[in-house]
Amino acid sequence: MRRNRTFLVVNTSLLFLVGGIASLYVFISSLNPHGSADSLVEMHVRTDDIEVGDFKTIEWLGDPIAFYRESETTVFGYVLVSTYRSCYLEHVPPGEIFGESWKGGWADFCNLGAWDYRGKVVAGVNSGAIELDDLEIPQQLIYKDSKVLLTKSEGI
């Protein structure tokens, strides 16, 4: 009888130990990012297909990013999220909504803010009750040979 009890105690303890180790392994492996997340950390974006005066939007790390070509050699890149309360921005073509002097850009209809195609706050359009900043430029935005390399630096 004592022998059966010892056998059951030892085997039950071993099963709990194996189960605990397996659970710990699953928990620790879930802390590591999935392999597909690595592909989001670096992205090459072609800008040579953007016509002068036009823009292109992509999604990177969950945020919309816009690239606007001002001239053959000048491309601006910025995050299309309001600098106040993080509302997504909408494209507003020239002459629409803000009058004939509006040259086009982006609007935050949540907080009544506006930015031009360079990502700069447009004076006189914003409500004035809040102070808005220029649009955020993505970290590690590298222009080279009509392509843009977006990378995520360590610790972000």
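Structure data summary
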{"read-out": "Neighbour-count ranking [beta-carbon atoms within 10 angstrom, fewest first] of LEU14, LEU80", "value": "LEU14, LEU80"}
{"read-out": "Part-to-part distance (alpha-carbon centres) for the range 94-111 and the range 2-20, which is given in Å", "value": "73 Å"}
{"read-out": "Size of charge dipole - the range 50-136 - debye, nearest 20, with Cβ of Lys, Arg +1 and Asp, Glu -1, no other charges", "value": "60 debye"}
{"read-out": "Residue order, fewest to most surrounding Cβ atoms within 10 angstrom, among LEU24, LEU61", "value": "LEU24, LEU61"}
{"read-out": "Packing-based exposure ordering (other Cβ within 10 Å, fewest first) of TRP115, TRP60", "value": "TRP60, TRP115"}
{"read-out": "Note, ³J(HN,Hα) from phi for the range 7-19, Karplus 6.51, -1.76, 1.60, rounded to Hz, x at Gly and Pro", "value": "4, 5, 5, 5, 5, 5, 4, 5, 5, 4, 5, 4, x"}
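We did not get these values from a lab; they are worked out from the coordinates using the rules stated. Being a predicted model, the structure only gives us computed values, none of them experimental. Note: ideal-geometry Cβ built from the backbone for every residue, glycine included; neighbour counts use all protein chains shown.
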